[in-house]
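Please treat every number below as a calculation from the coordinates, not as lab data. Since this is a predicted model, take the numbers as computed values, not measurements. Neighbour counts run over all protein chains shown; Cβ positions are idealised from the backbone, glycine included.
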Amino acid sequence: MPVLIAIVVWLLFGLAVAAVMIRRGHSTAIWLSLAFLGPLTIFLVLSAVDEERPSAAQVVEGTRGSGTIDVVVGLDGSPASEAALDAVPALFGDRLRHVTVATVLDFDVDQLPGRPAPRVEAEQRLTAAADRFATASGITPDQALLSGKPAEALVRHAADKGSAVVVVGVSGAGAHLALGSTAKALADHSSVPVLLVPSAG
């Protein structure tokens, strides 16, 4: 029985550490797979936290419109984020000057050498979104690949660029609006105005 209790405590410690690291913007898959290391994960935490400085945004420059409003659109590949992207030209129209489509990688993926699959997928998602937006509006957005916690990374990028608003999608509509963790964090803590766009579903 004491051995069983020790195993349970060991695993719970590892899971607690994993939960903290995931909330800090690290990879869910990586940290859950490391949970079996229990208290030994603390050595990995020290290294990971030391490298938690967001890297410089990787930006592909777009074109400018004739308006005065700068917007950052957060994308995660969901239908809700596509709805947010589609809403921007419909809502702002000729008032748009500068649009950035942005997606956020967790710290762990961002630090991998080369171009791991999540980075390639993120780059492809940004390119497709920029092409789609350009077709709809005539403005080719900047493409920004960021790292860290999504809400913090989007707000930091928007503030650095002097953007007027961050636009993200949420699931549902009306009274049944279901805020994801990123949308909720933005709504609760953003220093930049946030527009939450419900998906059609």
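Residues 133, 36, arranged from fewest to most other Cβ atoms within 10 angstrom of their Cβ, appear as 36, 133.
Highest first, please rank the peptides 186-196, 67-77 by the mean number of other Cβ atoms sitting within 10 Å of their residues.
Values: 186-196: 16.1, 67-77: 21.1.
Those peptides, ordered most packed to least, come out 67-77, 186-196.
The amide H of residue 99, built 1.01 Å from its N in the peptide plane, has 71, 142 as neighbours under 5 Å, considering only residues 5 or more places off or on other chains.
Once the Cα-Cα distance is subtracted from the 0.36 nm per residue extended length, the residue 61 to residue 11 segment shows a gain of 13.4 nm.
For the pair residue 127 and residue 94, what calculated FRET efficiency results from E = 1/(1 + (r/R0)^6), where r is the Cβ-Cβ distance and R0 = 22 Å, to the nearest 0.05? The partial results should precede the final answer.
Values: r = 25 Å, r/R0 = 1.14.
Once the sixth-power term is evaluated, E becomes 0.30.
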